[in-house]
Structures are given as C-alpha cells and as structure tokens.
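Chemist: Just passing along the structure, written as structure tokens.
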C-alpha cells in the first residue's frame, strides 16, 4: 500500500534489532561484572523506536489511484467507508484493511479456445434454444468495482467475487436468455437482439452486487453440425427459389413486352390503313367535285397522259365518254380527230 509504509516498517525493524542488540550487550556486561547501563539504554531506545514506528506504519495506509481500500472496525465489526486513492491514517488494532480492490476495468472471458479464456481448456457457455438446439457461445464480460460500494462487495463476496459471482451469473443469465430464441433466429438477425438482452440482464444483476458492467461481448456462436448443414441447405434452396422467381419474372416481362409491341404494331397498322382509306376517300371526293364542275377535265387528263409520239387514237364508237375533239386537238397538236360517222337515212316502208 505504498513505499512510506514499507519505509516505516523498516525503521521499526531496525528499532527492534537495536533492542535485541542492547539486551545482548547488557547480558554480556553483567556476566563479566561490568556495568550494563549502556546495553540497557540501547535496548530501551531500540524498543521504543520499534514499537513507535511499527504502530505508525500500521496506522498509515497509502492507496493507489487505481485502488480502493476496505476498512473494518475490529471493535464493532462494521465495514467503514472505503478509502480511495491517497494517504490515509487509521487507528492501529482498532481499524484494519483486510483487502484492497482494483477499480480499473476487469475482463472475464469464457471461450472454447483453450488459450483465449480466463480458464484453460474449453470454457464456452453451452445453452439450449427454445427449439431444443444446442449452441455454444464465447463471451467476454468487462466490469469494474464501484469504489463507493467496495465495503458492501467485501461483505458479500470478500475477494471471491469473480469466481463466486461474475462467472456463474453470466453463464446462468446467458442460458436463460438463449432459451427465449430459436436456433434459426439466433443464426439470423436476432443474434444482435439476443446479445443486447444478455447484456441488459447481466447489468441489472451486477448492479445489485455492487459491480458496474461496462460491456458484454458475444464473440462467437457455434451451432451443431447437423443444424448448420440444415441451415445451409435451406439457404441454398431459398436462393435457388429466388433465382427461379427472378427468371420467371424476367421471362414474363419479356413476353409482355413482345405482346405489347405486337399490339402496338397492329394498332399502328390499323390506324395507318384507316388514315390511307380516309385520304383516298377524300381524294376521290375532290376529284368527283372537279369532274362535276368541269366535265371536260377527264378528257384533258386523258390526252395529257398520252405519249408524245402518238398521233392517232382510236376511240370506240360505243365509248360512254363524250369527247370534244376540237378542244382535244387544240390541247395536243398530235391529236387526230376520228372521221365523222356517215349519216344513215332510214328507208320508208312500202306503201308509205
């Protein structure tokens, strides 16, 4: 508890050595018939120094900043206010310091890896899920002693709080929380929630025993080989199913696109046909109006479409069209009018 106490203890030891030396000199002087006053004086001084510094060394305690000292009153048996970092004076014999706790962060790891945990060998927490599967968890607990409550911790656990409380409490609460989840849930997204639930349960229990939980880490979870294989097969099946659904959706989309394209093309063709028919009908209507307004227009067009090297055109005598040959001739110099048809005079009947 500090170098000063050790120094005072050393001075007390020297005093007791002087006492022994003075006593020895006094005995030797007395046996030789010489005065033993010098030896007696040395022994008395040594005894006084030894007792004085021994009492002083026991009454001064020096506590490091990273520690807290538990003080007990030996007369009443009560645990007094803990002494934190610094130099403190207590009454020797009446008060004593049975233990000094570290107040820095402590960690306790339970792991399946033999050289990783606080204990050698496989020390993982084995628990059973709600569906009867066995899981093994590697857990690290980080905590510290609450300085102001060190006396209560000592009264409850003395120096056995890690093995007697921390280890069994974490293991028990872990099993209790794991039993509320199925193995498949822990394998999936519920793993984080399970870790949070374990930490919350441990934190409450630690505070009841005057310890402060800083963090609890679920470092690894191991499932049985049969369960892991079943989960992997299920994941593969789900992936294949999803792939099949994606391919079916893509094929359906492509088919729908082709059908829509065909419908659009058919509709476009129908609309184009309608527009052409409407245009042709409108053109015929305009032509009909022009022919009705100018009957000789058709004759003109006929002549205009004749080749330039045509000088003779035969027009059937029974043609339904009435041609104005004079106007046709003026329109086309190469046009030759047909000869006039002879007039036939009907012969009167006999006796007429």
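The values are calculated or read from the model by the stated rules, or taken from the named source; none is laboratory data. Quantities reported herein were computed from a predicted structural model and do not represent experimental measurements. Neighbour counts are summed over all protein chains in view; Cβ atoms, including those assigned to glycine, are modelled from backbone coordinates with ideal geometry.
Chemist: From 105, 149, 133, 95, grab the single residue that is in contact (Cβ under 8 Å) with a residue 24 or more places away in the chain, in contact with a helix residue (DSSP H, G or I) (Cβ under 9 Å, 6 or more places away or on another chain) and within 27 Å of residue 170 (Cβ to Cβ).
Modeler: 133
Chemist: Another question about this same structure. Given (1) part of a helix (DSSP H, G or I); (2) modelled with pLDDT of 95 or more; (3) under 29 Å from the mean Cα position of the chain (by Cα), where does residue 246 come up short, assuming only one miss?
Modeler: Status for residue 246: all satisfied but (2).
Chemist: Next question, about the same structure. Could you run through the stretch 180-199 and say how many residues are closer than 30 Å to residue 153 by Cα and surrounded by fewer than 14 Cβ atoms within 10 Å (Cβ to Cβ)?
Modeler: 1
Chemist: So residue 131 ticks every box in (1) assigned to a loop (DSSP other than H, G, I, E, B); (2) crowded, with 16+ Cβ neighbours inside 10 Å but one. Which box is left unticked?
Modeler: Here residue 131 meets the rest and fails (2).
Chemist: Also, I was wondering about something else. Have a look at 277, 293, 270 and point out the one that is within 60 Å of the chain's Cα centre (by Cα), modelled with pLDDT of 75 or more and at negative phi.
Modeler: 270
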